[in-house]
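Each remark here refers to the structure printed beneath this line.
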Amino acid sequence: MSTGRSGIGAALLALVVGVLIAAVPGHAQQPTPGCSDKPGFKDFDFWVGEWDVYSNDSARNLQGRNVITYHHADCLIKEQWRGAGGSTGTSLNYYNPITKRWRQLWVSAGYAIDYSGGLTEAGEMRLEGTLENYTSGTSVPFRGIWTPREDGTVVQHFDLFDQESGQWQVWFEGLYVRRTSADDDLATFVDWFPGRYDSSLQLARQRAAGLPADDINYRRHSVFRRIDLPAFGDVVYYAEQYRDGDPQKIYRQRIYSVSIDTARDALRLRVHIPPEPSALRGAYRQPSLLAGLTPDQMTVWPGCDLYWHRKGEVLVGKLDQGSCTFRSEQYGDVVLEEALILHKDALWFADRGTDPAGNYLFGMKGETPTKAIKARSFSCAAKDATGQEQTVLLHDQGGRAVFKDGLMLTLDRLVDRIRVRARAPDDDVVHTAFSETDTVDSPVVLQLDGRQISCRLAPDAAYEY
């Protein structure tokens, strides 16, 4: 059928526009004279920014993160350091136009540094002074050199004077690599993306609202597990997705590699299609099935990378407009429009595949993206008629499981609590129990014809069923 509808962009925009930033007016103030246009005050400008700091050697081990910012109309530079091992420190840096010298005052747990200097003809910042060690009660000559490099990195070199040898000893040398917004977005993506997602709640609401069949999105269940496949990159996922709540109705199995595209300051998600997907069925439960896979075995459709940026409280991944076209054995020639919206608790799919004439093939039917809520896993135990206990695993987004004796269990997450429903194989009555809260601090217990069914959260079981 032909969609006859506007593109996905309008639907996507309607979702992300809901994240607003309110501007709060402040009190009117008199303009304050600044320092940015005065000689000398911008000498240390090359150090200002957000940085990842690595050891300046072949190992390139991450030492920590440093945030360097201007304050007080650019008359002060503040440093806030957090080491990879949890150490912290702060420095205040300022230029004195009277003495024409820079001064840094650093304070951290156990010691302080006070040193002064300035910019050399080579463009390095060189400061010399003393390090005060609170533990030993000593004061030791100390110096620091900051060297900006053509590639935008900065080398920071510290020397401590050794009183016994009368020589300067290297105390620390770090390589500053400027962070981009994509660095933080990648950390957020890695934190939010893995897990199970299901759209059963949206499907139930669309049906209850009496929407036309053409506007109701089919139920999707998605499992994304991070895996160790170094040939594909550092951040790699196995994706397995099925329809209608039936694990046998798999419609997509992919390898996703996620990296930073520095030119776009964005995350890039590349989709790798395995040559024999059926051989990987259930690989999220058994990652060893993926062992030995390499990128050259995969099919990658040109122009079908998703580029991700943060939009308020969500990450939005989109294809470049009109870039993704491919030939499918099932559908023939396909034009794909796709956008994904990732929140810590949900994932929206705004995707639609059409033929070159614009006729619908798959994906989002109406103008509403599929909303899949991140599912939580539960372990439910029950004793059968012989007294034997059996345990099943299922999720709280319409998840279903069947015990060996035919007892069927369904789990749903409502607005503020969990609902457990059970039906015996020879009984048409559905028995129901509710948790007291959504947090499920204690098991949800259901009594059924003298049998007790107990369900509790199982956060580590997401990839076991």
_Of the GluC sites (Glu not before Pro) in the range 62-167, those whose Cβ has at most 11 other Cβ within 10 Å and which sit in DSSP loop_ = E121, E150, E164
*Net charge near P277: determine it from the other residues with C-beta under 13 Å of the C-beta of P277, scoring Lys and Arg +1 and Asp and Glu -1.*
0
*By per-residue mean of other Cβ atoms within 10 Å, what is the highest-first order of 166-173, 387-394?*
387-394, 166-173
*What translational D, rounded to a whole number of µm²/s, comes out for the chain from Stokes-Einstein when the hydrodynamic radius is the Kirkwood one over Cα pairs, at 20 °C and 1.002 mPa s?*
79 µm²/s
*With a 1.4 Å probe and every protein chain left in place, work out the accessible area per residue of the range 407-462 in Å², rounded to a whole number.*
58 Å²
*Just list whichever of K371/K404; K374/K404; K318/K344; K344/K404; K249/K383 have alpha carbons separated by over 25 Å in the model shown.*
K371/K404; K374/K404; K344/K404; K249/K383
*With every protein chain left in place, what is the accessible area per residue of the range 29-136 in square angstrom, probe 1.4 Å?*
57 Å²
*For every other residue with a beta carbon closer than 15 angstrom to the beta carbon of Y218, add +1 if it is Lys or Arg and -1 if Asp or Glu, then tell me the sum.*
+4
*Given the peptides 275-282, 216-223, arrange them by the average over their residues of other C-beta atoms within 10 Å, most packed first.*
216-223, 275-282
*Over the range 252-398, with every protein chain in place, what whole percent of the accessible area is carbon and sulfur at 1.4 Å, could you tell me?*
46 percent
*For the pair R423 and S442, how long in nm is the line joining their label points, each one 7 Å along Cα→Cβ?*
3.0 nm
*Rounded if a/c is under 1.5, else prolate if a/b beats b/c, else oblate: with a ≥ b ≥ c from the C-alpha gyration tensor eigenvalues square-rooted, which is the range 323-401?*
prolate
*At Q297 and A213, where each label point lies 7 Å from the Cα along Cα→Cβ, what is the point-to-point distance in nanometres?*
4.1 nm
*For F362 and A84 in the same chain, what is the full-extension length gain: residue separation times 0.36 nm, less their Cα-Cα distance, in nm?*
95.5 nm
*Find the relative contact order for the range 265-332 and round it to a whole percent, using C-alpha pairs within less than 8 Å whose residues are 6+ positions apart.*
34 percent
*Work out how much length D74 to S278 would gain on full extension: take 0.36 nm times their residue separation and subtract the Cα-Cα distance, in nm to one decimal.*
67.4 nm
*Based on the mean of other Cβ atoms within 10 Å per residue, sort peptides 416-426, 324-334 so the most packed one is first.*
416-426, 324-334
_Please list, by residue number, every one of the chymotrypsin sites (Phe, Trp or Tyr not before Pro) in the range 280-317 that is coil in DSSP and has at most 15 other beta-carbon atoms within 10 Å._
none
*So what are the three principal axis dimensions of the range 114-242 from its Cα atoms, in whole Å, longest to shortest?*
83, 36, 34
*asked:* I'd like the carbon and sulfur percentage of the solvent accessible area for the range 27-167, probe radius 1.4 Å, heavy atoms only, ligands and nucleic acids excluded.
replied: 50 percent
_I need the calculated FRET efficiency for the pair W168 and S36, taking r as the beta carbon distance and R₀ as 25 Å, to the nearest 0.05._
0.10
*What accessible area per residue comes out for the range 253-315, rounded to a whole number of Å², with a 1.4 Å probe?*
50 Å²
_For the range 168-317, I need the span (max minus min coordinate) of the C-alpha atoms along each principal axis, in Å, sorted largest to smallest._
78, 39, 29
_Between R101 and A122, what is 0.36 nm times their sequence separation minus the Cα-Cα distance? Round to one decimal in nm._
5.9 nm
*asked:* Counting pairwise Cα distances across the range 387-465, what percent come out greater than 16 angstrom?
replied: 49 percent
*Quote the FRET efficiency, to the nearest 0.05, computed for D234 versus R179 with a Förster distance R0 of 22 Å and r equal to the Cβ-Cβ distance.*
0.85
_Can you classify the range 263-347 as rounded, prolate or oblate using the Cα gyration tensor, where a ≥ b ≥ c are the square roots of its eigenvalues, rounded means a/c under 1.5, and otherwise it's prolate if a/b beats b/c and oblate if not?_
oblate
*Tell me the label-point distance for the pair T130, T386, using the 7 Å Cα-to-Cβ offset, in nm and rounded to one decimal.*
8.3 nm
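The values are calculated or read from the model by the stated rules, or taken from the named source; none is laboratory data. Please read all numbers here as calculations on a predicted model, not as lab measurements. Cβ: placed from backbone, ideal geometry, glycine included. Neighbour counts: every protein chain shown. The accessibility values were calculated without ligands, DNA or RNA, using every heavy atom of the protein model including side chains. Shrake-Rupley method; radii C 1.70, N 1.55, O 1.52, S 1.80 Å.
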